[in-house]
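Every number in this text was worked out from the coordinates using simple rules, so none of it is lab data. Please read all numbers here as calculations on a predicted model, not as lab measurements. Glycine also receives a Cβ, built like all others from the backbone with ideal geometry; neighbour counts cover every protein chain displayed.
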Amino acid sequence: MSKDMTIHLKYWKQSGPDVPGHFEEYTLDTVNEHMSFLEMLDVLNEELQLKGKEPVEFDYDCREGICGSCNLVINGQAHGPKAEVACCQLHMRNYKDGDKITIEPPRAAAFPIIKDLVVDRSAFDRIIEVGGYVSVKTGSAQEANALPVEKEKSDEAFEYAACIGCGACVAACPNASASLFTGAKLAHLNKFPQGEVERSNRAVAMVDQMKEEGFGDCSNFAECEAVCPKGISISAIAEMRRDYIKALVN
Amino acid sequence: MPSFIKAINSQVGRKIMTGITGIGLMLFLIGHIVGNLTIFGAPEAFNIYTKTLEDLGPLLYVIEAGLAFFFLYHTILGVSIWWNRRKARPEGYKKYQTKGGPSHQSLASKSMVYTGIIILVFLVIHIWTFKFGDTEMVKLASGEMARDLRALVIEKFTDPLYAFGYTFVLSLLILHLSHGFWSAFTSLSMKSKEASKKVQMGAYGFAIVIMLMFIFIPLYIYFTGGEGSLISY
Ligand code: HEM
Ligand code: SF4
Ligand code: FES
């Protein structure tokens, strides 16, 4: 039997996009080590509501590390202390009785706060819109083996395709740069013969859109790689730089 | 295809130019220290070396202009990348810490702009002191006249303010270079993890060796009063 833990929470409250926010504190006495971090927040919200207080808004969907909706900055680390774990998959056994936990939303001009811990990440969608796709003829599907893909390339593409668009890379970057996300999307698509055709335009358009959206420059801190729940390496950023340079000489 | 101007102002272009100018400045540091070490050579070696440089005439101006351009461009990019953070994240975190592991956040990487600015201020004083400093003319064995920069160097470094001031600023090179060397190759899209590890080791080695060689000169001259066994007359 696991004993209940007491956890002191401090979380960001902000009622809307353009109003100042503030921290609120609450102590939970019934945290179980088997709870996920988000389940712990569910308990918090239940208690708050029972006391007639407003619950804390936070984003989630799958709760199994695949949708990229959850994106909390926990004690100053995007997705919390564990490497390659999204905060929905983080368990309270990583904390001990009496711990203090500060929870903040990802902070970036390009990710305006909607409410409390929920931010608007449509800047990512707009980066995808300008090039994060392949143009194919619709209609009856092509014979699957008509376009051979090298095994190494498809494996590599698969690693970059693991990006769930959570935005932890932006949240953790001291410059709020979106290079890891954009690099992962570019590297993923550019590895395939289907993606090869639009490679140059894609690289230029998506890189330009990052700036347009107000993300910062990359300083090679590599903090993004450390917080990425999918372990995407900064080699994605190298791929992005190479594609951009290739686009210049094409 | 974007225009060249648009490309070097893109987020990728800015980083590549930071890397290229950084590598250019590192090559300059290597050349500079090799030249400086002639102060430990034959009595005339240092003055012959400086005279050779001055005798380059117009070519020297081209080299100096190129260097100034590299310093300026590197500074503008570095400062603007740092400055843009405020725009990209107007409200900071109450609590922030690195997750470690593959992260390259360190004292060195976080202080790039500060070490850089100190180096820049130092550079102005440095050029003022030596390039425009008062020197006697001496006759070389070849019969030609040369500025006695060697005497000026020894005079300045027997002054504790100069000796320790130089040592302090040049010690900062270890910070700027131990991250900068790795970062420059990363900016120029070094991709493999193995290469990255090796380049980071190389960066530590390079930073230590360059720093030690640079601080050795003022410290040696200060502690021997310019008359140590390595300085021959
Ligand atoms: C001999 C002098 C110098 C050398 C050898 C040098 C070398 C380097 C190198 C190799 C890098 C890595 C480039 C990259 O990330 O791609 C770098 C970065 C940087 N340097 Fe310098 N540097 C020098 C002087 C300066 C000066 C005068 C400044 C003035 C502020 C400066 C500010 C910076 C900054 C802020 C960065 C980080 C850029 C970023 O965040 O992406 N450096 N330096
Ligand atoms: S690169 Fe990693 S951290 Fe960034 S959005 Fe994708 S999954 Fe999240
Ligand atoms: S809720 Fe889907 S990844 Fe966390």
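Quick one: angle between helix A:235-249 and the longest Cα principal axis of chain A, in degrees between 0 and 90, rounded to 10, please. Around 30 degrees separate the two axes.
Are there GluC sites (Glu not before Pro) in the range B:143-233 that DSSP marks as loop and that have at most 15 other Cβ atoms within 10 Å, and which are they?
B:E144, B:E227
Take the Cα of A:D97, step 7 Å along the line toward its Cβ, and report every residue of the range A:25-53 whose backbone nitrogen sits under 16 Å from that point. Of the residues in the range A:25-53, A:28-34 have backbone N under 16 Å from the label point off A:D97. Counting lysine pairs in the range A:5-104 that sit 8 or more residues apart in sequence, or on different chains, and whose Cα atoms lie under 23 Å apart gives 12.
Of the DSSP H helices in chain B, those with a Cα length along their own long axis of 18 Å or more and a mean Kyte-Doolittle hydropathy reaching 0.0 comprise B:11-36, B:58-88, B:112-126, B:173-187, B:193-224. Percent of C-alpha pairs per 10 Å bin in the range A:109-250, short distances first: 12, 41, 33, 12, 3. Dipole of the range A:5-104 computed with +1 at Lys/Arg Cβ and -1 at Asp/Glu Cβ about the Cα centre; of A:F58, A:A86, A:G98, farthest Cα towards the positive end is A:G98.
Inter-chain Cβ neighbour count for A:170-180, averaged per residue, equals 5 (cutoff 10 Å, partner chain atoms only). If the viscosity is 0.890 mPa s and the temperature 25 °C, what translational diffusion coefficient in µm²/s does Stokes-Einstein give for the range A:88-188 when Rh comes from Kirkwood over Cα pairs? Answer, rounded: 145 µm²/s.
Each Lys and Arg adds +1 at its Cβ and each Asp and Glu adds -1 at its Cβ; summed about the Cα centre, the protein assembly as shown shows a dipole of about 520 debye. FRET efficiency for the pair B:K6 and B:S106, taken as 1/(1 + (r/R0)^6) with r the Cβ-Cβ distance and R0 = 41 Å, rounds to 0.80.
When the Cα atoms of chain B are aligned to their principal axes, the ranges along those axes come out at 62, 40, 35 Å in descending order. Here the spin labels are modelled as points 7 Å beyond Cα on the Cα-Cβ line, and at A:S122 and A:F158 they lie 3.5 nm apart. Residues of the range B:111-128 falling in the label zone of B:L56, defined by backbone nitrogen less than 18 Å from a point 7 Å along Cα to beta-carbon, are B:127-128.
Run through every distinct alpha carbon pair of the range A:5-104 and return the Kirkwood hydrodynamic radius in angstroms, one decimal place. Taking every pair of different Cα atoms in the range A:5-104, averaging 1/r and inverting gives 13.9 Å. Here the label points at A:R63 and B:V79, each 7 Å from Cα along the C-beta direction, are separated by 5.2 nm in the simple model. Less than 12 Å from a label point 7 Å out along the Cα-to-Cβ axis of A:E198: which backbone N atoms in the range A:116-130 qualify, by residue? So the set is A:128-130. Think of chain B as having a plus end and a minus end, set by charges on the Cβ of Lys, Arg, Asp and Glu; of B:S183, B:A45, B:F130, B:S183 sits farthest toward the positive end of this dipole.
Magnitude of the charge dipole for the range A:5-104, about its Cα centre and with charges confined to Cβ atoms of Lys, Arg (+1) and Asp, Glu (-1), is about 240 debye. Across the options A:I7, A:I127, A:S235, the greatest Cα extent toward the positive end of the charge dipole of chain A (unit charges at beta carbon of Lys, Arg, Asp, Glu) belongs to A:S235.
Spin-label pair A:T138-A:V249: with each label point 7 Å from Cα along the Cα-Cβ axis, the two points sit 3.9 nm from one another.
A Cα-only calculation for chain A places Rg and Dmax at 20.3, 65 Å.
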